[in-house]
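Below is one structure, written out as C-alpha cells; comments come after it.
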Amino acid sequence: MQQSIFDALHRQAQGTELLCMLLQEEYALLRAGRPDHVAGLEMSIQELIRQLVRERECMRRLLNGWGYAGLNDFVGRVDGPSADNFLLWRRKLADWEQDCARQATMNADLAMAMWKQSGQLLSHFQNQVAPRERNTYTAKGSWHNRPSTAALVRGRL
C-alpha cells in the first residue's frame, strides 16, 4: 500500500519537474520568436498536464479506497524513515509546482505582450496602406466618392 502511494507521488514529482523544463523551453522559444516550435511544444505540455491530473486522481482514489482523507492524513499515519521520504517528495512536488506556476505566468505574459505588439504593428500597417482621403479613383480609373461608414457589398446576378 505504502509503495503504491509513494510511486504515485514520485511519478507526480518527476512529471512536474519535466513540466518545469518544458515551460522553460517554451519561454526560450517565445523569446527566440519561433511560434511554429512553440505550438508543437504546447501540445506536449498539455498532454503532460493531462497525465499528471490522471496520476493525481488515481492516487486520490487509492487513498480514499483505503479510508484516508488525503495525502496528509496518510503521511501522518506512516512511521519512521518512510514518513521522511513521503514528506521529502511532497515538498519537492510542491516546490516544482510553484516553479511551474511562476514560469507559466512569465510565458503567458510574454505571449500576451507579443500578441499586443503584433496587433499594434498590424494596425499601424493598415493605417499606412489605407487611403487618407475618402474620395479616390476606382480600379477603372473613374472618380469614386467613398462613404465614411462601412457598407454591404452589392452586386447583380
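Readers should treat all values here as calculations from the given coordinates under stated rules, not as data from a laboratory. Being a predicted model, the structure only gives us computed values, none of them experimental. Note that each Cβ is placed from the backbone with ideal geometry, even for glycine, and that neighbours are counted across all protein chains shown.
Return the equivalent ellipsoid semi-axes of the chain as a descending list in whole Å, where each equals the square root of 5 times an eigenvalue of the C-alpha gyration tensor.
The answer is 59, 18, 12 Å, longest axis first.
Once the Cβ-Cβ distance between ARG54 and ASP79 is put in as r, and R0 is 22 Å, what FRET efficiency do you end up with, to the nearest 0.05?
Here the calculated transfer efficiency is 0.15.
Within the set of other residues whose C-beta is less than 14 Å from the C-beta of ARG34, count the net charge using Lys and Arg as +1 and Asp and Glu as -1. Provide the component values of the computation, followed by the final result.
Details: positive: ARG31; negative: GLU25, GLU26, ASP36, GLU42.
Net local charge, ARG34 excluded: -3.
Using θ = phi - 60° and the Karplus form 6.51 cos²θ - 1.76 cosθ + 1.60, what ³J(HN,Hα) does each residue of segment 124-129 get, whole Hz, x for Gly and Pro?
Each residue of segment 124-129 in turn: 4, 5, 5, 5, 6, 7 Hz.
Using a 7 Å offset from the Cα along the Cα-to-Cβ direction at both LEU87 and HIS10, what is the distance between the two label points in nm, to one decimal?
About 2.0 nm separates the two model spin labels.
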